[in-house]
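For reference, the structure discussed in these notes is given below.
None of the figures in this text is laboratory data; all of them are computed from the coordinates on show. Just so you know, these numbers come straight off a predicted model, no measurement behind them. Note that we place each Cβ from the backbone using ideal geometry, even for glycine, and neighbour counts take in every protein chain shown.
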Amino acid sequence: MASAKKQFAVIGMGRFGFSVAKALSEMGFDVLAIDSDEHSTQAVSNIVTHAVSADSTDEEALRALGVRNFDVVVVAIGEDIQASILTTLILKDLGGPIIIVKAQNELHGKVLQKIGADKVIFPERDMGLRVAHHLTSPNILDYIELSDEYSIVELRVTKGMIGKNLKELNIRALFGCNVMAIKRGTKMNISPAASDRLTVEDVLVIVGEKNDLTKLELAYSES
């Protein structure tokens, strides 16, 4: 028997919340969009499964909407940090869903973690990091922060790498980073061998400590 389709609730229809709700809907999931502003819910009503105007800091309103029955609730409230924290507290008390919350800054994020958010995301900060890494090293296609210490980068193969294999590049010994995968077009080699030779089409997916990745980026930024 096929498993039930996951259900998501997204609270806050600013640019980030709208984007998340739209993407989830396009992926075929059931999405409930919630915002205190009726115009915001109207704007997304034709995209998501349901759109409701409600105050997320009102426990009875969230209870009536049945949010505890959803698999995941994304709290994407914009500038109102107090509303973000209170909404998260209410959701935690109601129990049930995984709670993912957008944070405005590091302090906000720490508070959200302490009150029980399952995952805290920093979309503005993370996008800023990605843009900065791309600007300083055009070979870096993507940059994902895993923790305070570790990140993943997608590095476009440079001229000096073409025709060489992973053993010859010796990235682990030189930079302390590990090549997790090699992307070639739509194909992904998730367990590359040391003898695998690189082509101009390839992208390396590399994980490591931030300082080590920075050294790697600088080493290949000119090649």
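Brief remarks on what is shown
- Estimated [θ] at 222 nm from DSSP helical runs (n ≥ 4, -39500 (n - 2.57)) normalised by residues in the chain, nearest 500: -10500 deg cm²/dmol
- Table column - 3J(HN,Hα) (Hz), the range 100-107, Karplus curve with 6.51, -1.76, 1.60, x for Gly and Pro: 10, 10, 7, 10, 7, 7, 4, 4
- As a proxy for reagent exposure, ranking His50, His108 by other Cβ atoms within 10 Å from fewest up yields His50, His108.
- Most mobile listed residue (Gly208, Gly185, Gly109) in the chain, GNM with C-alpha springs under 10 Å: Gly185
- J(HN,Hα) series, the range 174-187, from Karplus relation 6.51 cos²θ - 1.76 cosθ + 1.60, nearest Hz, glycine and proline x: 6, 10, x, 10, 10, 7, 7, 7, 10, 9, 9, x, 8, 9
- Phi angles of the range 151-158 translate, via the Karplus equation with coefficients 6.51, -1.76, 1.60 and θ = phi - 60°, into HN-Hα couplings of 9, 10, 10, 9, 10, 5, 4, 8 Hz per residue; Gly and Pro are given as x.
- Between amide H atoms placed 1.01 Å from N, distances below 5 Å from Ala33 occur with Val10, His50, Ala51, Val52, all of them 5 or more places distant or on a separate chain.
- Counting other Cβ atoms within 10 Å as a rough exposure proxy, the listed residues Ile162, Ile34, Ile99 run Ile162, Ile99, Ile34 from fewest neighbours to most.
- Distribution of pairwise C-alpha distances over the range 7-121, 10 Å bins, in %: 15, 53, 30, 2
- Within a straight-line Cα-Cα reach of under 26 Å, Lys159 can be paired with the following lysines, leaving aside sequence neighbours fewer than 8 residues apart in one chain: Lys167, Lys183, Lys187, Lys210, Lys215.
- Note on Lys6: lysines with a C-alpha under 25 Å away, same-chain residues under 8 apart excluded, are Lys22, Lys92, Lys102, Lys119.
- Other residues whose C-beta falls under 13 angstrom from the C-beta of Ala181 contribute a net charge of -1, scoring Lys and Arg +1 and Asp and Glu -1.
- Longest segment of the chain lacking GluC sites (Glu not before Pro) that sit in a DSSP loop with at most 14 other Cβ atoms within 10 Å: 1-78
- Likely footprinting exposure, Lys187, Lys110, fewest C-beta neighbours within 10 Å first: Lys187, Lys110
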